[in-house]
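Reviewing the structure listed below.
The values are calculated or read from the model by the stated rules, or taken from the named source; none is laboratory data. Worth saying up front: this structure is predicted, and the values here are computed from it rather than measured. Glycine gets a Cβ as well: all are built from the backbone with ideal geometry, and neighbour counts include every protein chain shown.
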Amino acid sequence: MKQGILKRLATGLMLVGLTAAANAEDFDPNRATFDPESQFVITPYGAMMGDPAQVTDLSTERTGFTYCTAVPDKDRGLLLMASIVVPAQNGAEGGGHAMMMPVEQARNFIAYLRKGPEWAKVAAENKVGLFSKPIGDVIGAVGEAEHLSIKFVSDEQSNGSVRIEHVLGGVTKAFGLGINPALKYAAQAEYALEKALAEMPDAAPAEDAEKSKLFE
């Protein structure tokens with residue numbers, strides 16, 4: 001069911017963009033900053049809504065784009081939905097993947113993505129070559145039913161990148177991001193999360209809710 005929703009999301013994000021191409025901006029896949037005012041960007045695969053970061057679906061080598069929103073859940077509070085939208089390309093249908101995180105996990109997700117530049121500098125200065133190391137677990141741990149983790153990867157030339165791995169129901173999805181796109185994804189996720197918290201303070205963790213009472 002989730003995959004069907006994501007396919008409709010992928011189509012919707014592109015179709016909406018195509019109807020308003022006049023308001024779109026040229027897309028820079030290597031930009032590190034996120035522009036919350038951007039309505040659309042033009043990519044090689046069509047117009048995409050918002051200001052996404054570019055990623056690679058490592059199982060298919062297809063290009064994807066990030067999209068973040070936050071939704072309330074009656075049992076878990078506010079949830080960040082950090083999505084990867086993969087438009088139709090190379091003869092394959094469009095699709096996507098979503099990672100749902102409550103506030104604390106979402107903030108860890110953002111913090112781990114932002115570790116990339118620091119670790120990339122260490123890799124380059126020490127010429128570590130082929131190397132990978134977990135940055136942190138966002139959801140669960142290795143062997144659990146759901147495990148979302150962020151890893152740092154260095155190639156043969158000691159160029160760093162970030163890898164998102166999400167295991168759910170025995171299926172692993174992995175996405176690669178350059179250092180700058182990882183920073184952009186973090187900023188996009190943070191903006192969606194903090195905007196939702198400001199609009200729905202009751203959905204924040206208890207400590208945030210208590211602070212909100214000071215201003216009533």
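Of all residues in the stretch 106-121, those satisfying the criterion of being more than 15 Å from Tyr185 (Cα to Cα) and surrounded by 14 or more Cβ atoms within 10 Å (Cβ to Cβ) are Trp119, Ala120. Residue count for the stretch 170-199, restricted to those that are of a type in the set (Ser, Thr, Tyr) and either within 16 Å of Cys68 (Cα to Cα) or touching an Asp or Glu at 6+ places or on another chain (Cβ under 6 Å) (or both): 2. Residues in the stretch 102-146 that are among the basic types (Lys, Arg) and within 15 Å of the chain's Cα centre (by Cα): 3 in all. Taking each residue of the stretch 25-50 that is under 19 Å from Lys195 (Cα atoms) and looking for partners that are of a type in the set (Ser, Thr, Tyr) with beta-carbon atoms closer than 6 Å, six or more apart or interchain, yields Pro36/Tyr191. Per the conditions (1) modelled with pLDDT of 75 or more; (2) under 30 Å from Met200 (Cα atoms); (3) surrounded by 16 or more Cβ atoms within 10 Å (Cβ to Cβ), the sole criterion not satisfied by Pro72 is (3). Consider the stretch 81-100 and keep the residues that are within 12 Å of the chain's Cα centre (by Cα) and over 14 Å from Ile150 (Cα atoms). The one that is surrounded by the fewest Cβ atoms within 10 Å (Cβ to Cβ) is Met81.
Assessment of the stretch 27-37 against the conditions (in contact with a helix residue (DSSP H, G or I) (Cβ under 9 Å, 6 or more places away or on another chain), aliphatic (A, V, I, L, M) and either farther than 19 Å from Ile164 by Cα or assigned to a strand (DSSP E or B) (or both)) yields no matching residue. Close Cβ contacts (under 9 Å, 6 or more residues apart or on different chains) running from residues in the stretch 120-133 that are within 9 Å of Ser158 (Cα to Cα) to residues that are in a helix (DSSP H, G or I) and among the aliphatic types (A, V, I, L, M) comprise Ala120/Ile179; Val128/Val122; Gly129/Ala123; Phe131/Ala123.
Of the candidates Val138, Val153, the single residue that is of a type in the set (A, V, I, L, M, F, W, C), within 22 Å of Met81 (Cα to Cα), in contact with a strand residue (DSSP E or B) (Cβ under 6 Å, 6 or more places away or on another chain) and assigned to a strand (DSSP E or B) is Val138. For the stretch 49-64, the count of residues that are under 16 Å from Lys184 (Cβ atoms), part of a strand (DSSP E or B), modelled with pLDDT of 95 or more and not β-branched (Val, Ile, Thr) is nonzero.
In summary, Tyr185 fulfils each of the numbered conditions (1) in contact with a helix residue (DSSP H, G or I) (Cβ under 8 Å, 6 or more places away or on another chain); (2) part of a strand (DSSP E or B); (3) among the aromatic types (Phe, Trp, Tyr) with the single exception of condition (2).
Within the stretch 93-119, restricting attention to residues that are in a strand (DSSP E or B) and touching a residue at least 24 places away in the same chain (Cβ under 8 Å), the residue that is farthest from Gly64 (Cα to Cα) is Pro102.
Within the set Phe175, Phe152, the sole residue that is without any contact (Cβ under 8 Å) to a residue 40 or more places away in the chain and within 19 Å of Ala32 (Cα to Cα) turns out to be Phe152. Looking only at the stretch 120-135, residues that are among the charged types (D, E, K, R) and either at pLDDT below 95 or in a loop (DSSP other than H, G, I, E, B) (or both) come to 1 in all.
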